[in-house]
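Notes follow the structure.
The values are calculated or read from the model by the stated rules, or taken from the named source; none is laboratory data. In this text the structure is predicted, and so the values were computed from the model without any measurement. Ideal geometry is used to build each Cβ from the backbone, glycine not excepted, and the neighbour counts take in all protein chains shown. For the accessible areas, the whole protein counts, side chains as well, though only heavy atoms, and no ligand, DNA or RNA atoms are used. Shrake-Rupley method; radii C 1.70, N 1.55, O 1.52, S 1.80 Å.
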Amino acid sequence: GPTSCRCRPLSYPYPLVVFDLDGTLVDSAADIAEALNRTLEDIGMARVPEATVLGWIGDGVRRLVEQAVHAAGREVDLAEVMPVFMVHYRECLLRSPRLFDGVAEALMQLRARGVPLAICTNKPEALVPPLLQHLGIGDAFALVLGGDSLPQRKPSGEPLRHIAAHFGLAVDACLMVGDSLTDYRAAEEAGMPIALVRYGYPRGLDLATAQAVAVIDDLRELPGLQG
């Protein structure tokens, strides 16, 4: 009868999609590398190639600087270096970031289907909105969680549990979309299904063996988006 009519013919299989930021939505590696290299120069250390920095992105800014200093075999007081880094990080934030191919379109398609979107990143929360605005996707997200928003950050599952609870949804009903081992471990610990992109900064994640809903080359291939 008429009651079985589905008002949303294009209903999406997940009631919420949570995205990582750097390496998933935004190609920001060059800017992060530049901020790190300016910091290293300031403390009398050599610059490192962007390809090297790629392997350090994803665990938050403190860990990024820590790994760079450690790789150079130097003992440095992180409490002194972090404020220096943060100045450069802010200055380089909008230097050359770009959305990966398909991102704007995929977000638009999800919004058109009435799916709320969130961001779960280890980037400091204050730096996320200016970046999203700059890239023209500032209005796409109902919630943004940064690496300093909660006491825990990815790879803890707590941020993902927090986001699902915010929307009153079961964690295992939602979808995480990420690119790295950090994202994968967070989703695994939270019990949230994850789709992985191939083009990001995997940090040692083996995409071939990962237990993912999908491994995709473009966000427009997100599971259920074509259906």
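Restricting attention to the stretch 35-91, report how many residues are more than 21 Å from Arg203 (Cα to Cα) and either open to solvent by less than 40 Å² (accessible area, probe 1.4 Å) or among the acidic types (Asp, Glu) (or both).
15
Residue pairs, Cβ under 7 Å, 6 or more apart or interchain, first in the stretch 109-122 and closer than 17 Å to Val171 by Cβ, second buried (at least 19 other Cβ atoms within 10 Å of the Cβ) and basic (Lys, Arg). List them.
As it stands, the answer is Cys120/Lys154, since those pairs meet every condition given.
Every residue in the stretch 205-220 that is in contact (Cβ under 8 Å) with a residue 40 or more places away in the chain and surrounded by fewer than 19 Cβ atoms within 10 Å (Cβ to Cβ), please. First the steps, then the outcome.
Step one: list which residues in the stretch 205-220 are in contact (Cβ under 8 Å) with a residue 40 or more places away in the chain, which gives 218-220.
Within the stretch 205-220, Asp218, Arg220 qualify.
Out of Tyr201, Tyr184, I need the residue that is open to solvent by less than 50 Å² (accessible area, probe 1.4 Å), closer than 26 Å to Ile32 by Cα and touching a helix residue (DSSP H, G or I) at 6+ places or on another chain (Cβ under 6 Å). Which one?
That would be Tyr201, the only listed residue that is open to solvent by less than 50 Å² (accessible area, probe 1.4 Å), closer than 26 Å to Ile32 by Cα and touching a helix residue (DSSP H, G or I) at 6+ places or on another chain (Cβ under 6 Å).
For the subset of the stretch 160-181 comprising residues that are part of a helix (DSSP H, G or I) and of a type in the set (Val, Ile, Thr), which member is surrounded by the fewest Cβ atoms within 10 Å (Cβ to Cβ)?
So in the stretch 160-181, the residues part of a helix (DSSP H, G or I) come out as 160-166, 171-173, 181.
Filter once more, so that each one left must be of a type in the set (Val, Ile, Thr): 163, 171.
Details: Ile163: 26, Val171: 19.
Selected residue: Val171.
Just one of the numbered conditions (1) touching a helix residue (DSSP H, G or I) at 6+ places or on another chain (Cβ under 8 Å); (2) over 22 Å from Ser11 (Cβ atoms) is not true of Leu117; which one?
Condition not satisfied by Leu117: (2).
Output the residues belonging to the stretch 124-159 that are surrounded by 15 or more Cβ atoms within 10 Å (Cβ to Cβ), of a type in the set (D, E, K, R) and assigned to a loop (DSSP other than H, G, I, E, B).
Asp148, Arg153, Lys154
Go through the stretch 164-180 and give me each residue that's closer than 21 Å to Gly224 by Cα and either in contact with a helix residue (DSSP H, G or I) (Cβ under 9 Å, 6 or more places away or on another chain) or hydrophobic (A, V, I, L, M, F, W, C) (or both). Give the derivation first.
As a first pass, look at the stretch 164-180 and keep what is closer than 21 Å to Gly224 by Cα: 164, 167, 169-179.
Passing the criteria: Ala164, Phe167, Leu169, Ala170, Val171, Asp172, Ala173, Cys174, Leu175, Met176, Val177, Gly178.
Among the residues of the stretch 42-84, write down those that are of a type in the set (Gly, Ala, Ser), within 24 Å of Asp179 (Cα to Cα) and assigned to a helix (DSSP H, G or I). Before the answer, list the steps.
To start, the set of residues in the stretch 42-84 that are of a type in the set (Gly, Ala, Ser) comprises 44, 46, 51, 55, 58, 60, 68, 71-73, 79.
From the residues that got through so far, the ones that are within 24 Å of Asp179 (Cα to Cα) too are 51, 55, 58, 60, 68, 71.
Within the stretch 42-84, Ala51, Ala68, Ala71 meet the criteria.
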